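Undergrad: The following block contains the structure, expressed as structure tokens.
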Amino acid sequence: QQTLYFSRHGESEFNVIGKIGGDARLSPRGRLYAKALANHIHALNLPGLQVWTSTLYRTKETGAGINVPQQHLHELDEIWSGECESLTYEDLQDQFPKELALRDNEKLKYRYPQGESYIDVMARLVPVLTQLECETNVLTISHQAVLRCVLGYFLETPHDEIPYIHVPLHTIIKLTLRGHSYNMETVKMPI
Ligand code: F6P
């Protein structure tokens, strides 16, 4: 039976102040989640477990306590918001109101200036998704927008709903293949 695990990184210093993108480290709370995640995953004793993260500090720090082979993949990096990197949504409203309105109107197709759209993220994820489909017991630690695309793919979510999939922090998501479709379970860590 194929099982795949997913998690966002623990809370980052940018999550705390509401900034998007960037390459921030984990917050103290995020570090607590990394410990809880490692304990939870170790206790499952999953044969052949691998951890795949993005190349950004916050996902690597989240997986660092798990003693299994790790890969850090650019394809799993968060949506690149180009000129809007490291801004808050309030900064966006002040500095790029037209962009924000365009994004609200068509979030799936909207591409940040010099950055990416959800469609772009889905395209760059194809090789990783194809590989994941042939694996079992991989824990993928990535980011909100990327995990929306990944879950949307496995759960066959209509494309325009993908940018709104709820992927909370500090929650482990397990997908199990049952016949031709995936069943999703979540475990919220009490942090
Ligand atoms: O706020 C955390 C974050 O991962 C940002 O880095 C990213 O830009 C954003 O979420 C993606 O979510 P949304 O597409 O809803 O802005």
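The values are calculated or read from the model by the stated rules, or taken from the named source; none is laboratory data. No experiment lies behind these values; they were computed from the predicted model shown. FYI the Cβ positions are ideal-geometry reconstructions off the backbone, even for glycines, and counts take in every protein chain you see. The area values use the complete protein model at the heavy-atom level, side chains included, leaving out ligands, DNA and RNA. Shrake-Rupley method; radii C 1.70, N 1.55, O 1.52, S 1.80 Å.
Undergrad: So Tyr110 clears everything in (1) closer than 30 Å to Thr176 by Cβ; (2) open to solvent by less than 40 Å² (accessible area, probe 1.4 Å); (3) among the hydroxyl-bearing types (Ser, Thr, Tyr) except one condition, right? Which one?
TA: (1)
Undergrad: Assess whether Arg58 counts as being outside any loop (DSSP other than H, G, I, E, B), under 17 Å from the mean Cα position of the chain (by Cα) and under 15 Å from Gly21 (Cα atoms).
TA: Values: outside any loop (DSSP other than H, G, I, E, B): yes; under 17 Å from the mean Cα position of the chain (by Cα): yes; under 15 Å from Gly21 (Cα atoms): yes.
The answer is yes for Arg58.
Undergrad: Next question, about the same structure. Yes or no: Val126 under 22 Å from Gly10 (Cβ atoms) and modelled with pLDDT of 95 or more?
TA: Working: under 22 Å from Gly10 (Cβ atoms): no; modelled with pLDDT of 95 or more: yes.
It is false that Val126 is under 22 Å from Gly10 (Cβ atoms) and modelled with pLDDT of 95 or more.
Undergrad: While we're here: Taking the condition of being more than 15 Å from the ligand (Cβ to nearest atom), in a helix (DSSP H, G or I) and open to solvent by less than 50 Å² (accessible area, probe 1.4 Å), how many residues in the stretch 144-173 meet it? Spell out how you get there, then give the answer.
TA: Residues of the stretch 144-173 that are more than 15 Å from the ligand (Cβ to nearest atom), as a first pass: 153-156, 158, 172-173.
In the following step, the residues that additionally are in a helix (DSSP H, G or I) were identified as 153-155.
Next, from what is left, pick out any that are open to solvent by less than 50 Å² (accessible area, probe 1.4 Å): 154.
The total comes to 1.
Undergrad: Quick one: which residue in Tyr164, Tyr89, Tyr118 is touching a Cys at 6+ places or on another chain (Cβ under 7 Å) and either within 23 Å of Gly21 (Cα to Cα) or at pLDDT 95 or above (or both)?
TA: Numbers: Tyr164 fails: touching a Cys at 6+ places or on another chain (Cβ under 7 Å); Tyr89 fails: touching a Cys at 6+ places or on another chain (Cβ under 7 Å).
When all the criteria are applied, what remains is Tyr118.
Undergrad: Pairs only if they're at least six apart or on different chains, beta carbon under 8 angstrom, first in the stretch 97-115 and assigned to a helix (DSSP H, G or I), second more than 10 Å from the ligand (Cβ to nearest atom) and open to solvent by 90 Å² or more (accessible area, probe 1.4 Å); list them, first residue then second.
TA: From the stretch 97-115, the pairs are Leu100/Gln93.
Undergrad: Looking only at residues that are among the basic types (Lys, Arg) and surrounded by fewer than 16 Cβ atoms within 10 Å (Cβ to Cβ) in the stretch 174-191, which one is nearest to Glu135 (Cα to Cα)?
TA: Within the stretch 174-191, the subset among the basic types (Lys, Arg) is 174, 178, 188.
In the following step, the residues that additionally are surrounded by fewer than 16 Cβ atoms within 10 Å (Cβ to Cβ) were identified as 178, 188.
Values: Arg178: 15, Lys188: 24 Å.
Here the answer is Arg178.
Table: residues versus (1) under 18 Å from Arg148 (Cα atoms); (2) among the polar types (S, T, N, Q); (3) crowded, with 22+ Cβ neighbours inside 10 Å.
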{"position": "Gly10", "(1), (2), (3)": "yes, no, yes"}
{"position": "Phe14", "(1), (2), (3)": "no, no, no"}
{"position": "Gly22", "(1), (2), (3)": "no, no, no"}
{"position": "His42", "(1), (2), (3)": "no, no, no"}
{"position": "Asn45", "(1), (2), (3)": "no, yes, no"}
{"position": "Arg58", "(1), (2), (3)": "yes, no, yes"}
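Undergrad: Would you be able to say whether some residue in the stretch 124-143 is surrounded by fewer than 18 Cβ atoms within 10 Å (Cβ to Cβ) and of a type in the set (A, V, I, L, M)?
TA: Yes.
Undergrad: For the stretch 84-99, enumerate the residues that are open to solvent by less than 100 Å² (accessible area, probe 1.4 Å) and either near the ligand (Cβ under 10 Å from one of its atoms) or in contact with a Pro (Cβ under 6 Å, 6 or more places away or on another chain) (or both).
TA: Cys84, Glu85, Ser86, Leu87, Thr88, Leu92
Undergrad: While we're here: Looking at this structure, is Lys35 part of a helix (DSSP H, G or I) and within 25 Å of Cys149 (Cα to Cα)? Talk me through it step by step, then tell me what you get.
TA: Working: part of a helix (DSSP H, G or I): yes; within 25 Å of Cys149 (Cα to Cα): no.
Against the criterion (part of a helix (DSSP H, G or I) and within 25 Å of Cys149 (Cα to Cα)), Lys35 does not qualify.
Undergrad: Taking Leu76 as the residue in question, decide whether it is open to solvent by less than 40 Å² (accessible area, probe 1.4 Å), within 16 Å of the ligand (Cβ to nearest atom), over 25 Å from Pro158 (Cα atoms) and modelled with pLDDT of 95 or more.
TA: Values: open to solvent by less than 40 Å² (accessible area, probe 1.4 Å): yes; within 16 Å of the ligand (Cβ to nearest atom): yes; over 25 Å from Pro158 (Cα atoms): no; modelled with pLDDT of 95 or more: yes.
Here the answer is no, as Leu76 does not meet what is asked.
Undergrad: Here's something else I'd like to know. What is the number of the single condition among (1) farther than 16 Å from His170 by Cα; (2) in contact with a Ser or Thr (Cβ under 8 Å, 6 or more places away or on another chain) that Pro69 does not meet?
TA: (2)
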